[in-house]
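A.B. asks: Dropping a structure here in structure tokens format, bear with me for questions.
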Amino acid sequence: AELRDYLRDEAVDAFAEVEGLLFKAWISDEAGERWGAVYVFESAEAAEQPLPSRARELIGKDPDIAEVFDLEASVSVAPQLARLGLAFQ
């Protein structure tokens, strides 16, 4: 509950202010005790900035896996997220 309180009360608003962040989704699998996030940034430079997060502190450990991918293509009902990626450059 503490992590969800943090997401609701702090994190969502803080991440709404991150320059160059187009999308973030916090994901979980409580049964497997796994938490994660998926980010879409407008550039590699934007993805390298420090982020306003206490999630690692609340979860109690660093991520087991952290990987960076190129966005090949996207579809979305949100116009800002539709037709992004290398296929459209």
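The values are calculated or read from the model by the stated rules, or taken from the named source; none is laboratory data. Predicted model, so just to flag it, every value in this text is computed and none were measured. Here the Cβ positions follow ideal geometry from the backbone for every residue, glycine too, while neighbour counts run over all protein chains shown. SASA here: full protein model, heavy atoms, side chains in, ligands and nucleic acids out. Shrake-Rupley method; radii C 1.70, N 1.55, O 1.52, S 1.80 Å.
A.B. asks: Is region 68-79 home to any residue that is among the hydroxyl-bearing types (S, T, Y) and loosely packed, with under 14 Cβ neighbours inside 10 Å?
C.D. replies: Pass one, region 68-79, residues among the hydroxyl-bearing types (S, T, Y): 74, 76.
Next, from what is left, pick out any that are loosely packed, with under 14 Cβ neighbours inside 10 Å: 76.
Looking through region 68-79, at least one residue is among the hydroxyl-bearing types (S, T, Y) and loosely packed, with under 14 Cβ neighbours inside 10 Å.
A.B. asks: What's the number of the only condition in (1) farther than 16 Å from E57 by Cα; (2) modelled with pLDDT under 95 that K24 fails to meet?
C.D. replies: So K24 meets the others, but not (2).
A.B. asks: Just to be sure I understand, how many residues within region 20-45 are farther than 22 Å from L86 by Cβ and over 13 Å from the mean Cα position of the chain (by Cα)?
C.D. replies: Of the residues in that region, 6 qualify.
A.B. asks: Just give me the residues in region 46-61 being under 15 Å from the mean Cα position of the chain (by Cα) and either part of a loop (DSSP other than H, G, I, E, B) or closer than 14 Å to A16 by Cα (or both), in sequence order.
C.D. replies: Initial filter on region 46-61 (under 15 Å from the mean Cα position of the chain (by Cα)): 46-56.
If the condition is that a residue be under 15 Å from the mean Cα position of the chain (by Cα) and either part of a loop (DSSP other than H, G, I, E, B) or closer than 14 Å to A16 by Cα (or both), then A46, E48, Q49, P50, L51, P52, S53, R54 are the ones that fit.
A.B. asks: On the given criteria, is G60 modelled with pLDDT under 90 and open to solvent by less than 70 Å² (accessible area, probe 1.4 Å)?
C.D. replies: Answer is yes for this residue.
A.B. asks: Given (1) in a helix (DSSP H, G or I); (2) charged (D, E, K, R); (3) under 14 Å from the mean Cα position of the chain (by Cα), identify the lone condition not met by D9.
C.D. replies: Going through (1) in a helix (DSSP H, G or I); (2) charged (D, E, K, R); (3) under 14 Å from the mean Cα position of the chain (by Cα) one by one, D9 breaks only (3).
A.B. asks: Among the residues of region 24-39, is any acidic (D, E), closer than 28 Å to V77 by Cβ and either surrounded by 12 or more Cβ atoms within 10 Å (Cβ to Cβ) or in contact (Cβ under 8 Å) with a residue 40 or more places away in the chain (or both)?
C.D. replies: no
A.B. asks: Going through region 27-45 one residue at a time, which ones are farther than 21 Å from K61 by Cα and of a type outside the set (S, T, N, Q)?
C.D. replies: V40, F41, E42, A44, E45
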